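So the structure is just underneath, and the comments pick up after that.
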Amino acid sequence: DSTYAAYTLKDLGLRTLCVHMDNGWDSEISVKNIKRVVSKLGIDYESHVLDWERFKDLQLSFLRASVPEAETPTDNAIQGVVFGSAHKHNIKFIVSGGNFATEGILPKSWHYDAKDVRYLKAIHSRFGTHDLSGFPLFGYRDWIYYKLKGIRTVYLLNYVPYSKKLAMEALERKLGWQYYGGKHYESKYTGFIQSYLLFEKFKIDYRLATLSTQICAGEVSRLDALAELTVKPYNDEKTEQEKLYLCRKLGISPL
């Protein structure tokens, strides 16, 4: 979605700065995609690498808290980095790849608001050990501050005809973009959390929301969606390998 938004911006002739928040979990394919797309589109690029020890501690805090919002640290940091970058460069419009066509349906009970910094800090104060000073936290006060500075978020894909299937085909054909194998598998951590942990621990199947949205958009038939839901959202063998990788990177035991 974000890549197609960047492609659309270039096609419209707008000056664009691509901001990448690197939390240490990017898949190899997604890293290659970023480099290839930025190069072929000829747009400016800026990468913000998070302090790994602080970020890892924050992620572990949410895992130990045993809440569904395991991705709150990432969701919060993305906003902090993007708004901070816009403010630094005096950019008034943040263009997001978020859209109704592929993400229009999501139960509120599945994910609490990532901008609630009080919630984030409460979990970290109980289960974390590192100091979060310097970490790009983003709360409601920050959102109001940047809004008063005139910075706005625009969901460009809601204003243009958008088909995920056609978008992927265009990106593959024109930019050499490669599919990474599943929704949010551009991040090894996010892919694992959504396909396995949420499904097994909290009985949350993100495919229900995604497929429901695609049915409403006319991208998928209800019968095809029901057929897809008859199998688990993850592969057993691949998931075991992912578990070992995540545990090794986070410094915890898989048992």
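Screening VAL81 against (1) open to solvent by less than 40 Å² (accessible area, probe 1.4 Å); (2) of a type in the set (A, V, I, L, M); (3) outside any helix (DSSP H, G or I) leaves a single unmet condition, (3).
Give the residue that is modelled with the highest pLDDT, with candidates limited to residues of the range 142-169 that are small (Gly, Ala, Ser) and under 25 Å from TYR206 (Cβ atoms). Among residues in the range 142-169 that are small (Gly, Ala, Ser) and under 25 Å from TYR206 (Cβ atoms), the one modelled with the highest pLDDT is ALA167. Output the number of residues of the range 175-206 satisfying the condition of being polar (S, T, N, Q) and either on the phi > 0 side of the Ramachandran plot or surrounded by fewer than 17 Cβ atoms within 10 Å (Cβ to Cβ) (or both). Final tally of qualifying residues: 1. Just to be sure, is TYR112 more than 19 Å from SER30 (Cβ to Cβ), hydroxyl-bearing (Ser, Thr, Tyr) and over 16 Å from the mean Cα position of the chain (by Cα)? Here the answer is no, as TYR112 does not meet what is asked. Residues of the range 106-151 that are surrounded by 12 or more Cβ atoms within 10 Å (Cβ to Cβ), outside any helix (DSSP H, G or I) and among the charged types (D, E, K, R): ASP113, LYS115, ASP116, LYS149. Would you confirm, using the coordinates I've provided, whether TYR140 is of a type outside the set (Lys, Arg) and in contact with a Phe, Trp or Tyr (Cβ under 8 Å, 6 or more places away or on another chain)? No: the conditions fail for TYR140.
Scanning the range 18-62 for residues that are without any contact (Cβ under 8 Å) to a residue 40 or more places away in the chain, crowded, with 17+ Cβ neighbours inside 10 Å and part of a helix (DSSP H, G or I) yields a count of 2.
From the list ALA167, ALA209, the lone residue that is open to solvent by less than 20 Å² (accessible area, probe 1.4 Å), touching a Leu at 6+ places or on another chain (Cβ under 6 Å) and in contact (Cβ under 8 Å) with a residue 24 or more places away in the chain is ALA209. Looking across the range 172-231, just one residue is within 18 Å of ASP1 (Cβ to Cβ), touching a Phe, Trp or Tyr at 6+ places or on another chain (Cβ under 6 Å) and in a loop (DSSP other than H, G, I, E, B), and that is GLU186.
Considering each residue of the range 31-54 in turn, none proves to be among the aromatic types (Phe, Trp, Tyr), in contact with an Asp or Glu (Cβ under 9 Å, 6 or more places away or on another chain) and under 20 Å from GLY191 (Cβ atoms).
For TYR155, the conditions (1) over 20 Å from PRO68 (Cα atoms); (2) open to solvent by less than 50 Å² (accessible area, probe 1.4 Å); (3) aromatic (Phe, Trp, Tyr) all hold with the exception of (2).
Report yes if GLU219 is touching a residue at least 40 places away in the same chain (Cβ under 8 Å), surrounded by 13 or more Cβ atoms within 10 Å (Cβ to Cβ) and more than 21 Å from the chain's Cα centre (by Cα), otherwise no.
Yes: the conditions hold for GLU219.
Looking across the range 84-104 at every residue that is open to solvent by 50 Å² or more (accessible area, probe 1.4 Å) and within 16 Å of the chain's Cα centre (by Cα), the one that is nearest to THR8 (Cα to Cα) is identified as VAL95.
The values are calculated or read from the model by the stated rules, or taken from the named source; none is laboratory data. Predicted, not measured: the structure shown is a model, and the values here were computed from it. A quick note on method: Cβ atoms are made from the backbone with ideal geometry, for glycine too, and the neighbour counts reach across all protein chains shown. The protein model used for the area step is the full one, side chains on, heavy atoms only, and it has no ligands, DNA or RNA in it. Shrake-Rupley method; radii C 1.70, N 1.55, O 1.52, S 1.80 Å.
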